[in-house]
1. Please indicate, with yes or no, whether at least one residue in the range 70-91 is surrounded by 14 or more Cβ atoms within 10 Å (Cβ to Cβ), β-branched (Val, Ile, Thr), under 21 Å from TRP392 (Cα atoms) and modelled with pLDDT under 95.
2. Strands (runs of 3 or more DSSP E) wholly in the range 249-348 with at least 2 residues that are among the small types (Gly, Ala, Ser) and in the same structural domain as LYS208 (by TED's automatic domain parsing) - which ones?
3. Among the candidates ILE108, ILE56, ILE28, single out the residue that is assigned by TED's automatic domain parsing to the domain that holds LEU399 and touching a helix residue (DSSP H, G or I) at 6+ places or on another chain (Cβ under 8 Å).
4. Just one of ARG206, ARG169 is within 26 Å of SER387 (Cα to Cα) and among the charged types (D, E, K, R); which is it?
5. Find all pairs meeting these conditions: Cβ atoms under 6 angstrom apart; at least six residues apart or on different chains; first residue within the range 225-251 and touching a residue at least 60 places away in the same chain (Cβ under 8 Å); second residue in a helix (DSSP H, G or I).
6. Checking the structure you have, find out if any residue of the range 361-371 is out of contact with any Ser or Thr (no Cβ under 7 Å at 6 or more places or on another chain), closer than 23 Å to ALA229 by Cβ, of a type in the set (Lys, Arg) and touching a residue at least 40 places away in the same chain (Cβ under 8 Å).
7. Only one residue in VAL365, VAL389 is at pLDDT below 95, assigned by TED's automatic domain parsing to the domain that holds SER135 and of a type in the set (A, V, I, L, M), so which one is that?
8. Can you tell me which of ILE343, ILE325, ILE348, ILE334 is more than 20 Å from THR281 (Cβ to Cβ) and either of a type in the set (Lys, Arg) or surrounded by 16 or more Cβ atoms within 10 Å (Cβ to Cβ) (or both)?
Amino acid sequence: MDKKIKVLVIADHPLSPSGVGHQTKNMIIGLLKTQKYQFFCLGGAIKHEDYRLMKIEPFEDDFRVLPVDGYGTQELLRSVINNERPDVLWFMTDPRFWGWLWDMENEIRPNIPMVYYHVWDNYPYPLYNKAFYESNDVIACISKLTYDVVKTVSPKVKSMYLPHTVDNRIFNIETEEQIANFRKEHFNIEQDENVTLFFWNNRNARRKQSGTVIWWFNEFLKKHGKNKARLLMHTDVRDSHGQDLEWIINDLGLVNGEVMFSTDKVQPQQLAQLYNAADCTINIADAEGFGLATLESLSCGTPVIVTMTGGLQEQVTDGEEWFGIGIEPSSKAIIGSLEVPYIREDRINEDDFIDALEKMSSMSVEDRKEMGLKGYNHVIKNYNFDSYVESWDKTLSELHEEHGSWGERKNYLSWNIEEIT
């Protein structure tokens, strides 16, 4: 058998519950089944109790993870590259985390190609990312918006649209009996009871609008009665990057089960039960590169209410059918920072959100199921696990064949010629 392609991965720890960690694991596990690859990962973005090298069963030497703080350092990366001699460097998430890595491009790319799995939230076109984009051999883009951004800002860089995936063997539609039993056992909702269960699964962080969801949901209940609907939020209620959600519900008087919190870390199978139990999943973030929770929800046949921004807008509709309700932003402010000079922040209007809750709760059970089934088929067609793995296999194998590594490195120049007029 030919020598396996060794991929050095820098991302969230692939066993962590974050969306980045989850997609990294999906890519690795899927490609390991082809028996063509080995992975050495710098697993970051979380605080570790043990920093010793891990071998992930049952893959052993083909799947190793070295826990690191942040995403590692230049010194550590130099050591790993020299010792492991990988064939490809693969890294993922927001570009603001990778300035230190692109500063090393002249050290890394003469020996191995760099593949960036890119997320970007919104327009205008970030011209300030041009130098970053051109420091890679390939950029894979998680959303159509991201792909358009890269093609416009850096058209000479090889790029492709390669969206996130969900494992529909786990996130799938359960039977009516299973759903009814779960709703009764965990939420005391009878099968014939006219109560709409809304689900919110996100980090309690500013851009996710966690407090806004509760505040506006309360306004909806004031109009329609506190027995009309319930809101289940799977999150950390006191995240340092968000709000004190328990304080909010206490001050609003939502203390009799109108708003419920799920705070324990759960396995994907348990999360799938929550999506199935819900009538609708909500995400009204003001910036969302993709939005994995809504994809998981659709894969379970549960429709969504989302802001028409970032990757959310391509999930809720395919341009013809709708798999939930998309809310157009009423405010599109340009914000920024020293790291990101400008980007658009999309905010929706309270009345539009309440209207969406009203439309969803007034739908018949049959109509919601039909909408959810269409969403499920949308996921199977456009975001399925097998296609995700096949795309990564094609991308990495063609990259290795075209560019090589180390003594066989091809098609890389550390300089370019420009005409000055």
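1. no
2. 324-327, 331-335
3. Being assigned by TED's automatic domain parsing to the domain that holds LEU399 and touching a helix residue (DSSP H, G or I) at 6+ places or on another chain (Cβ under 8 Å) holds for just one of ILE108, ILE56, ILE28, which is ILE108.
4. ARG169
5. ALA229/SER361
6. Yes; the residues of the range 361-371 include at least one that is out of contact with any Ser or Thr (no Cβ under 7 Å at 6 or more places or on another chain), closer than 23 Å to ALA229 by Cβ, of a type in the set (Lys, Arg) and touching a residue at least 40 places away in the same chain (Cβ under 8 Å).
7. Unique residue meeting the criteria: VAL389.
8. Being more than 20 Å from THR281 (Cβ to Cβ) and either of a type in the set (Lys, Arg) or surrounded by 16 or more Cβ atoms within 10 Å (Cβ to Cβ) (or both) holds for just one of ILE343, ILE325, ILE348, ILE334, which is ILE343.
The values are calculated or read from the model by the stated rules, or taken from the named source; none is laboratory data. Everything quoted here is computed from the prediction, not taken from an experiment. Don't worry about glycine lacking a Cβ; one is built from the backbone with ideal geometry, like all the others, and counts go over all protein chains shown.
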